[in-house]
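S.K.: Just dropping this structure here.
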Amino acid sequence: MADDYWKEPPYVPCHAELFGLAGALIPHSREAQFSLLDIGSGSGAFAAQVAQNFPQAQLTLLEADEKLLRKSLSRIGSDPARTDAVALAWRNEDLPGQHDVASAILSLHELDAEEKRDLYEAAFGVLGRNGLLLLVLRVKAGTPAVDHAYRSAWQQQVLAGGGDAGLVAQHLAELKAENLGTVADELAAVSGAGFVEVNCWYQNLSYALISGVRPI
C-alpha cells in the first residue's frame, strides 16, 4: 500500500485521545535526551508528535517502504544528528541499536500471533533497563458478534467523519481476524516476552494502547 492513511484522522476516529495518551506515557521530561525506535514508522504520524513534544529526543524511524520514509522525513525534518531513517524489512531483520523507548503504532495488524511475539522479544532485546515498549494495536473482541459491532461502529464513525468508502472497505478486508488478538492475548504476549508493568491504558472499539517495561 502506498500510504498509511489508517494511522490518520478520520480513519482513526479516536486519534487525538489515542496518540495523545501514547505520547504522554513516554516517561521523560520535555527536555530529556532519550532514544526512540519507531517500528513500522510509515509516514511518521507518531514520530512527528514525539519530535514536537520532545525536542532533544533521538529518533530512529524503521520502515520498509522508502516512499513512506521520505514522507516521514519531510514531516519531521532530516537532521542527521537527530533523526535516523532506516529502510529495513523489519519483519525479517534484526532491530537496530539500543533505545530507551520502542514504539509500534498501528503497524502490526498484518502480523500473526507468532510474528508479534517474535517482535516483542526483539524489542525487549534493543531496550535498555526500564525501557518502554509502547504499542497501539488493532484488536478483536472476545466474540464474533462483538467484533462485528466494533467494525460496524468504526465504519460508521469514519464515513461520518468524511472518510472514503473505498478505503474503508479496503482496510476492513485487510484486517484479517486470524491476525488480530484480543487485548488479553496481547497483554499475555508482551508479558511472555519478558516485560513487566504490562497494561492496557486505553481501548476504543478495536483500538488498544498497551505498554510494558523492560525490568532492571
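S.K.: What number of residues within region 5-14 satisfy the criterion of being in contact with a strand residue (DSSP E or B) (Cβ under 9 Å, 6 or more places away or on another chain) and either among the polar types (S, T, N, Q) or within 20 Å of Glu63 (Cβ to Cβ) (or both)?
M.R.: Adding up the residues that qualify gives 3.
Residue-by-condition table, conditions (1) part of a helix (DSSP H, G or I); (2) touching an Asp or Glu at 6+ places or on another chain (Cβ under 8 Å); (3) modelled with pLDDT under 95:
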position: Leu172; (1), (2), (3): yes, no, yes
position: Asp185; (1), (2), (3): yes, no, no
position: Ala188; (1), (2), (3): yes, no, no
position: Gly194; (1), (2), (3): no, yes, no
position: Asn199; (1), (2), (3): no, no, no
position: Tyr202; (1), (2), (3): no, yes, no
position: Ser211; (1), (2), (3): no, yes, no
position: Pro215; (1), (2), (3): no, no, no
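S.K.: Same structure again: Which members of region 49-70 meet the condition of being more than 20 Å from Glu93 (Cα to Cα) and surrounded by fewer than 19 Cβ atoms within 10 Å (Cβ to Cβ)? If you could, list the steps in order and put the result at the bottom.
M.R.: First pass over region 49-70, keeping only residues more than 20 Å from Glu93 (Cα to Cα): 49-58, 70.
Those that are more than 20 Å from Glu93 (Cα to Cα) and surrounded by fewer than 19 Cβ atoms within 10 Å (Cβ to Cβ): Gln49, Gln52, Asn53, Pro55, Gln56, Gln58, Arg70.
S.K.: In the set Val126, Val139, which member is in contact with a helix residue (DSSP H, G or I) (Cβ under 9 Å, 6 or more places away or on another chain) and either more than 28 Å from Val213 (Cα to Cα) or hydrophobic (A, V, I, L, M, F, W, C) (or both)?
M.R.: Exactly one of Val126, Val139 is in contact with a helix residue (DSSP H, G or I) (Cβ under 9 Å, 6 or more places away or on another chain) and either more than 28 Å from Val213 (Cα to Cα) or hydrophobic (A, V, I, L, M, F, W, C) (or both), namely Val139.
S.K.: Cβ-Cβ below 7 Å, separation at least six or inter-chain, first residue in region 133-149 and over 24 Å from His99 (Cα atoms) and in contact (Cβ under 8 Å) with a residue 12 or more places away in the chain, second of a type in the set (Gly, Ala, Ser) and in a strand (DSSP E or B): which pairs?
M.R.: Final answer for the pair search is Val139/Ala208.
S.K.: While we're here: Would you be able to tell me the number of residues in region 72-123 that are free of Cβ contacts under 8 Å to residues at least 60 places away in the same chain, in contact with a Gly (Cβ under 8 Å, 6 or more places away or on another chain), part of a helix (DSSP H, G or I) and not aliphatic (A, V, I, L, M)?
M.R.: So the count comes out to 2.
S.K.: For region 31-51, state whether one or more residues are modelled with pLDDT under 95, among the polar types (S, T, N, Q), over 20 Å from Val213 (Cα atoms) and in contact with a Lys or Arg (Cβ under 9 Å, 6 or more places away or on another chain).
M.R.: So far as region 31-51 goes, yes, one or more of its residues are modelled with pLDDT under 95, among the polar types (S, T, N, Q), over 20 Å from Val213 (Cα atoms) and in contact with a Lys or Arg (Cβ under 9 Å, 6 or more places away or on another chain).
S.K.: Could I ask something else about it? More than 23 Å from Phe54 (Cβ to Cβ) and at pLDDT below 95: does that describe Glu110?
M.R.: Yes: the conditions hold for Glu110.
S.K.: Further question on the same structure: Considering only region 29-43, state which residues are surrounded by 17 or more Cβ atoms within 10 Å (Cβ to Cβ) and over 19 Å from Glu63 (Cβ atoms).
M.R.: Phe34
S.K.: Suppose we filter region 182-205 for residues that are surrounded by fewer than 19 Cβ atoms within 10 Å (Cβ to Cβ), of a type outside the set (Asp, Glu) and touching a residue at least 60 places away in the same chain (Cβ under 8 Å); how many remain?
M.R.: Selection size over region 182-205: 6.
S.K.: Next question. Restricting to region 40-71, give me the number of residues that are in a strand (DSSP E or B) and not β-branched (Val, Ile, Thr).
M.R.: Number satisfying all stated conditions: 5.
The values are calculated or read from the model by the stated rules, or taken from the named source; none is laboratory data. All figures in this text were calculated on a predicted structure; none of them were measured in a lab. Cβ: placed from backbone, ideal geometry, glycine included. Neighbour counts: every protein chain shown.
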